Amino acid sequence: MNHIEGDNELPGYTPQAGNSIAPLAALTHGSERTVSLEDSKGHKWLLLSVKSRAPTSEFWPVFCAGDVISGSVTLDILKSESSQDIVVTVTATTASVGQEGQGFLAIEKKLWNPAMVLPDGSMMSKLEKGRYTWPFKIALPDKTEVLDHKEKKRFPLPPSFTERASPAYINYKIAVIIKRGALKVNQTLATDFAYVPITKPELPSPMLQKAYKENIPIVGPEGDPEGWYILPSVTVTGTLFGAKRGNVDFNLALAKPLSYARGSAIPLWLTFTGTDEQALDLLANYQATRVFLKRSLTTGCGATSDHAGKHTDNFFVQTMARAVFWPARDASTAGKRVLQGEVKLKQTFKQSVVFPRFSVRYHLEVHPFEAVGFVHTPHVSGPLLIQPVNVTSFHATSIVMRSFAPPEYAEESENFGNPVSLLDNGFFHHGGYGVS
């Protein structure tokens, strides 16, 4: 991997628009963002234009896996210029706060040097006064080679990650560099861009697909066993109104394939069984259930391990959402109560990623129940169940796993302060990016 050392970015970087990402639903090919360097008199002598999926130049350039970065470099000089090289670079780094970034992508495309022809076919040893434009195209690779645990491995390019107050970042940048030669300062003009890998869940079961397509009720695990992943049964023991002990078993089921697009909802099915009808009624209450979606961010050398870092300063956990539940239709009987539920994945959630020195993972946690008149005995402090899930950037082909929650149950009972991306700036909404 080639690194560019010793270059100084000069003042005068002039963005032509705000630093936001477009709503995904609006993204198509064809927009162009231009940044420039100016001289002391305000003359724009160096311009970098980049075409991307963003709808207008108001937004940062956005690229998906497999895209080709295309654009142009324009040099408008008022006197002769003795440059040695003009190059365009695409670079990417992972970085933790207070530490030097680790580069994992470096592509360099040479546009001109004195031995190369100009776009008009002419050659010259130095650039004379005039306006020169070089178009360029750079293909983004699907994977990159990175050192992980002292071994070189190939990983898919990770998504951009730039949340406010985040302990770590993944940053992509495209730049044009005017190389002056020995004892002269190189000049660099750059713009960040957003990279979005194309990840999709596999299709849910045929019965779940039918429910989404025809807007009919979801069938639970008993009627659609291939459509659900059922976690092991858990026994909850407690004291009811300080007078008697009671036991209730519960099973949590998640719709397969345990991978869900941001902007969708995770279907849940919670089944309670037992001989104590009073205990069943207390626990099988939608207000008593406490199921949370949590996100863990791991940095450092243990990021690619499922277990490393959980008790170190490189492991950060945040609650992202709380599940909502409501009584399932015609499912509760004597000795059994059933709740249907879901977790909404906001459109702004970051997709799951595992990459050297940086990982984002999600999991569901079932916490002890909070029911009036019921006290866990013995006291339970940690989660009763934990189940990893995957969050993707796009919906499964032809299926949007929308919310089924009735309006009276749909609102989350808590407002979790989900992080805002510096690139998103509050405008990032899930849609198509032109991907189908």
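Observations, loosely collected:
- The set of residues in region 122-154 that are open to solvent by 70 Å² or more (accessible area, probe 1.4 Å), of a type in the set (A, V, I, L, M, F, W, C) and either without any contact (Cβ under 8 Å) to a residue 24 or more places away in the chain or on the phi > 0 side of the Ramachandran plot (or both) contains only MET123.
- Within region 53-65, tally of residues that are part of a strand (DSSP E or B) and either over 23 Å from PRO158 (Cβ atoms) or open to solvent by less than 10 Å² (accessible area, probe 1.4 Å) (or both): 3
- Which numbered condition ARG361 fails, given (1) over 16 Å from the mean Cα position of the chain (by Cα); (2) at pLDDT 95 or above: (1)
- Index of the failed condition, TYR169 passing every other in (1) assigned to a loop (DSSP other than H, G, I, E, B); (2) open to solvent by 10 Å² or more (accessible area, probe 1.4 Å): (1)
- Any hit, region 173-193, residues being closer than 23 Å to ALA331 by Cβ and surrounded by fewer than 20 Cβ atoms within 10 Å (Cβ to Cβ): no
- Considering region 219-235, and only residues there that are among the charged types (D, E, K, R) and assigned to a loop (DSSP other than H, G, I, E, B), the residue that is most open to solvent (accessible area, probe 1.4 Å) turns out to be GLU222.
- The one condition in (1) at positive phi; (2) at pLDDT below 95 that GLY263 fails to fulfil: (2)
- If you check VAL35, VAL68, VAL50 for being open to solvent by less than 20 Å² (accessible area, probe 1.4 Å) and either out of contact with any Asp or Glu (no Cβ under 8 Å at 6 or more places or on another chain) or among the charged types (D, E, K, R) (or both), only one passes: VAL35.
- Enumeration of residues in region 156-166 that are in a strand (DSSP E or B) and open to solvent by 30 Å² or more (accessible area, probe 1.4 Å): PRO156
- Pair list, Cβ under 7 Å, 6 or more apart: region 37-61 residue acidic (Asp, Glu), other residue in a loop (DSSP other than H, G, I, E, B): GLU38/GLY12; GLU58/ALA17; GLU58/GLY18
- For region 269-319, a residue qualifies if it is under 21 Å from the mean Cα position of the chain (by Cα), surrounded by 16 or more Cβ atoms within 10 Å (Cβ to Cβ) and under 23 Å from LEU345 (Cα atoms), and the qualifying residues are PHE292, LEU293, LYS294, ARG295, SER296, LEU297, THR298, PHE315.
Listed here are the residues, each with its yes/no results for (1) assigned to a loop (DSSP other than H, G, I, E, B); (2) at pLDDT 95 or above; (3) within 17 Å of ILE218 (Cα to Cα).
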| position | (1), (2), (3) |
| --- | --- |
| ALA303 | yes, no, no |
| ASP306 | yes, no, no |
| LYS310 | yes, no, no |
| ASP313 | yes, no, no |
| PHE316 | no, no, no |
| MET320 | no, yes, no |
| PHE325 | no, yes, yes |
| ALA331 | yes, no, yes |
| VAL338 | no, yes, yes |
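- Restricting region 371-399 to residues that are part of a loop (DSSP other than H, G, I, E, B), modelled with pLDDT of 95 or more and open to solvent by 30 Å² or more (accessible area, probe 1.4 Å), the residue that is nearest to GLY246 (Cα to Cα): LEU384
- For region 236-249, residues that are in contact with a Ser or Thr (Cβ under 7 Å, 6 or more places away or on another chain) and either under 14 Å from PHE325 (Cα atoms) or not in a strand (DSSP E or B) (or both) total 0.
- Breaking point among (1) of a type in the set (S, T, N, Q); (2) at pLDDT below 95; (3) touching a Ser or Thr at 6+ places or on another chain (Cβ under 8 Å), for ASN171: (2)
- Hey, PHE358 aromatic (Phe, Trp, Tyr) and in a strand (DSSP E or B) or not: yes
- Among (1) part of a loop (DSSP other than H, G, I, E, B); (2) among the aliphatic types (A, V, I, L, M); (3) farther than 20 Å from TRP326 by Cα, the one test that ILE216 misses: (3)
- Members of region 61-81 that are more than 33 Å from the chain's Cα centre (by Cα) and of a type outside the set (A, V, I, L, M): THR74, ASP76, LYS79, SER80, GLU81
- Of residues in region 97-112 being more than 24 Å from the chain's Cα centre (by Cα) and open to solvent by 30 Å² or more (accessible area, probe 1.4 Å), the one farthest from ALA303 (Cα to Cα): LYS110
The values are calculated or read from the model by the stated rules, or taken from the named source; none is laboratory data. Quantities reported herein were computed from a predicted structural model and do not represent experimental measurements. Because the Cβ atoms are built from the backbone with ideal geometry, glycine has one as well, and the counts that use them run over all protein chains shown. All accessible areas refer to the heavy atoms of the entire protein, side chains included, with ligands and DNA or RNA removed. Shrake-Rupley method; radii C 1.70, N 1.55, O 1.52, S 1.80 Å.
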